[in-house]
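Following: one structure in structure tokens, then a few remarks.
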Amino acid sequence: MVRFEKVTKAYGPLVVLDSLDLDIAPDEKVAIIGPSGSGKTTVLRMLMTLERINDGVIYVDGEPLTHMEKNGQLVPADQRHLRRMRGKIGMVFQHFNLFPHMTAIKNCMEAPVTVLGLSKAEARERAAELLEMVGLGDKLDHYPSQLSGGQQQRVAIARALAMRPKIMLFDEVTSALDPELVGEVLNVIRKLGTEHNLTMLMVTHQMGFAKEFADRVCFFYGGRIVEEGKPDELFSAPENERTRQFLSAVL
Ligand code: ADP
């Protein structure tokens, strides 16, 4: 579903991703962990085509993300290709990023109407179902400022799902929340994982959740994956010295 093939990203002299290879299977749940500045968020930003890569190729759902094939050659993608590819991916950010002047249901209707061309009635029905699914069926007409952080983050998840993505990206989605609100957001992600066929990639500091939820954990250091494996193995018997140091600091 997702493949990074020797992807390099640099900001001037700073190499942030260093010839990164990463393969994610359909429906797989992958947690990305690692110290601050190791390139975790950059991986997600690349997938959202928010950043250009310097070298390598990213494939999504079997197709190159930012290139397209023309006469057997890879050429830079046009806007149409980019729009289609972006539609396969939903992202939820640390700071919810909801539209403050729109109610919860309007937040979830906006892109399906303007990007997918759904009628308002169809978009409303889809949005209401999703808000129900994340436990906010009674908050459809609330504005973000009238919702707690955990509720806002659940709206953000529903909003991403309203575009029917195949892949969901979560970037430290509980980091800005008060501790007592973390659980409700993780419960929604857990539910998504079991009830929907979604490939999920999450950058997280919640080691307990990564251990329980992920099929695979990738430990990033210096723009590379220095160790990866099943959560049980990686957390209980890390082989790499960097992984050991990181885990002993955070666990
Ligand atoms: P992580 O998510 O692991 O904390 P990031 O992917 O956010 O790391 O960042 C990796 C490195 O890239 C950091 O050193 C960061 O300072 C740098 N970086 C990120 N975005 C930019 C940018 N737009 N310009 C310059 N440096 C950046």
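A short reminder: the numbers here are calculations on the coordinates, not readings from a lab. Quick caveat: nothing in here was measured; it's all calculated off a predicted structure. Every residue, glycine as well, gets a Cβ built from its backbone with ideal geometry; the counts of neighbours run over all protein chains shown.
For the reader, a short list of remarks on this structure follows.
Let's see how each residue does on (1) of a type outside the set (A, V, I, L, M, F, W, C); (2) in contact (Cβ under 8 Å) with a residue 60 or more places away in the chain; (3) not in a strand (DSSP E or B):
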residue: V30; (1), (2), (3): no, yes, no
residue: S38; (1), (2), (3): yes, yes, yes
residue: T49; (1), (2), (3): yes, no, yes
residue: R52; (1), (2), (3): yes, no, yes
residue: G56; (1), (2), (3): yes, no, no
residue: Y59; (1), (2), (3): yes, no, no
residue: E69; (1), (2), (3): yes, no, no
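- In segment 174-192 there is no residue that is touching a residue at least 60 places away in the same chain (Cβ under 8 Å) and either in contact with a strand residue (DSSP E or B) (Cβ under 6 Å, 6 or more places away or on another chain) or not in a loop (DSSP other than H, G, I, E, B) (or both).
- If you go through segment 217-231 and pick out every residue that is under 22 Å from V182 (Cβ atoms) and more than 16 Å from the ligand (Cβ to nearest atom), you end up with 1.
- Scan of segment 49-58 for residues that are surrounded by fewer than 21 Cβ atoms within 10 Å (Cβ to Cβ) and either more than 15 Å from the ligand (Cβ to nearest atom) or within 22 Å of F170 (Cα to Cα) (or both), ordered by number: T49, L50, E51, R52, I53, D55, G56, V57
- Hits in segment 130-163 - residues which are part of a loop (DSSP other than H, G, I, E, B), touching a Leu at 6+ places or on another chain (Cβ under 8 Å) and charged (D, E, K, R): K139
- Any hit, segment 92-114, residues being surrounded by 15 or more Cβ atoms within 10 Å (Cβ to Cβ), assigned to a helix (DSSP H, G or I) and among the β-branched types (V, I, T): yes
Condition check ((1) under 17 Å from E227 (Cα atoms); (2) out of contact with any Asp or Glu (no Cβ under 6 Å at 6 or more places or on another chain); (3) away from the ligand (no atom under 16 Å from the Cβ)) across all residues:
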| position | (1), (2), (3) |
| --- | --- |
| V2 | no, yes, yes |
| P13 | no, yes, no |
| L17 | yes, yes, no |
| V30 | yes, yes, no |
| G37 | yes, yes, no |
| L47 | no, yes, no |
| V60 | no, yes, yes |
| E63 | no, yes, yes |
| P76 | no, yes, yes |
